[in-house]
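Readers should treat all values here as calculations from the given coordinates under stated rules, not as data from a laboratory. All of these numbers come straight from a predicted model, not from anything done at the bench. Positions of Cβ are generated from backbone atoms using ideal geometry, with glycine treated the same way; all protein chains shown enter the neighbour counts.
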Amino acid sequence: MSDQAAAPVSIEPCASYAPESVMEAVSAALAHLGGMSAFVKPGQSVLLKVNLLTKAEPARAITTHPEVVRAVVRLAKEAGAGSVVIADSPGGRTSAQAARAIFEASGLAVVAHDEDVETVLLDDAVVRVAAPGGHLYQHFNLGRAAVEADVLIDMPRLKTHGFMMMTGAVKNLFGCIPGLEKAQFHVKVPDRADFGEMLVDLMLACKPELCIMDAIIGMEGAGPAGGTPRHIGAVLASADPVGMDVVAAAITGFDPMEVYTIAAANRRGLGPRTADEVPTVGAAWRSIAVQGFAHPAKDVARNMPPAVQKWVRARVVSRPWLEHPDRCNGCRTCEKECPVHAIKMVDGKPVYDYTDCIRCYCCQELCPKHAVGLKQPWFVRSLVVRGGSERA
């Protein structure tokens, strides 16, 4: 990430998660950038920051696919890495036992065993790190393993995101923040634009040397956990997380400036406005672009004067609700993970206090049964052209 403006984004087609296809695509994507040896030197420690939002099998397209991780582990070892670990801090409350279950469900525990590498929960040890040039935050508490690794490789999966619109390389770094501190950021930074600014500050603290995006099968609609898997067919690689996200946004039909992290970076001169401004190598992004990719609902108040934004958002921004009561098993995950305690269980089902709800959508992201959906007022649906799968 040393020269974000000039770092190219490599795009390599990949039709499936067949191991040989993935290895070929990841190797080719990195070859356009000088190979893994351009980023990993002999003897260095390497940490792969994957996306392990919640307990989910690979077919659900919520977590970074194990075959992509396997390919990166092998290439890092071939480059002479002294050690490789697979790490994340999943969403919500994560004990060591829960973390093991998440690694196992995602298929990454098998990869770690097969390739003789460790898995690390980034909640276990924490250090304070500066964010040079941070706007909202100048320091973060981060998982020690992510900070002390010689090489941090950021490995997101391309998905929509109800709050940030899209989750990619910048948003994936949120998992370097330990445990429940992530939920507290939703309380401290409830505004979407400000949250995007915070994530850019976090990127400056994490300083990933390389980003490799799993865009073979992404997620559209109600991401990052409740959406629908959608074939895209590519692996992306870059030293520039913002440039990678701009290209990924364009591939999935976003105006990149609709994505809050990209807009925040652009305001600081850290990234372009369009994919055509990003230097790319390998395949052309338009050859990978998918049509009709379903997006989350937009925040229709984002361009209104600040004085009226709060009033408008309370009335027109999508709100979480129990969309599928038949799926709800009363586990109380939504209640426990709500950062502002706006959910109470009544007769085994969640009931929302929308006066306190800050529309962070943590409940929708972390519901293990995908029972929570997002509802937009009918009059907004009639005015706004949008994708997604919301229903009244």
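Tabulated values for the structure
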{"read-out": "Estimated vicinal HN-Hα couplings, Hz - region 335-349 in sequence order (Karplus 6.51, -1.76, 1.60; Gly, Pro = x)", "value": "5, 5, 8, 5, x, 10, 6, 8, 10, 10, 8, 10, 6, x, 10"}
{"read-out": "Antiparallel DSSP beta bridges within the chain, as percent of all bridges there, nearest 5", "value": "60 percent"}
{"read-out": "From phi via Karplus (6.51, -1.76, 1.60), per-residue ³J(HN,Hα) for region 26-35 in Hz, x at Gly/Pro", "value": "5, 4, 5, 4, 6, 4, 5, 9, x, x"}
{"read-out": "For region 225-234, 3J(HN,Hα) per residue [Karplus equation, 6.51 cos²θ - 1.76 cosθ + 1.60, θ = phi - 60°, Hz, x = Gly/Pro]", "value": "10, x, x, 10, x, 9, 5, 10, x, 7"}
{"read-out": "Order of Met257, Met219 - criterion: other Cβ atoms within 10 Å of each residue's Cβ, fewest first", "value": "Met257, Met219"}
{"read-out": "Theoretical FRET efficiency, 1/(1+(r/R0)^6), r = Cβ-Cβ of Ala96 and Met257, R0 41 Å, to 0.05", "value": "0.50"}
{"read-out": "Amide hydrogen neighbours beyond the local backbone of Ile216, cut-off 5 Å, H modeled", "value": "Gly233, Ala234"}
{"read-out": "Charge dipole (debye, nearest 20) of region 319-375; +1 at Cβ of Lys and Arg, -1 at Cβ of Asp and Glu", "value": "60 debye"}
{"read-out": "Computed [θ] at 222 nm, helices only, for the chain once each DSSP H run of length n ≥ 4 contributes -39500 (n - 2.57)", "value": "-8500 deg cm²/dmol"}
{"read-out": "Eligible lysines near Lys188 by straight Cα distance, threshold 25 Å, same-chain separation 8 or greater", "value": "Lys49, Lys159, Lys171, Lys207, Lys298, Lys310, Lys336, Lys344, Lys375"}
{"read-out": "Packing rank of 332-341, 58-67, where each peptide gets the mean count of other beta carbons within 10 Å, highest leading", "value": "58-67, 332-341"}
{"read-out": "Amide proton proximity set for Asp88, modelled H, under 5 Å, gap of 5+", "value": "Val120, Leu122"}
{"read-out": "Extension gain from Val110 to Thr355, taking 0.36 nm per residue of separation minus the Cα-Cα distance", "value": "83.7 nm"}
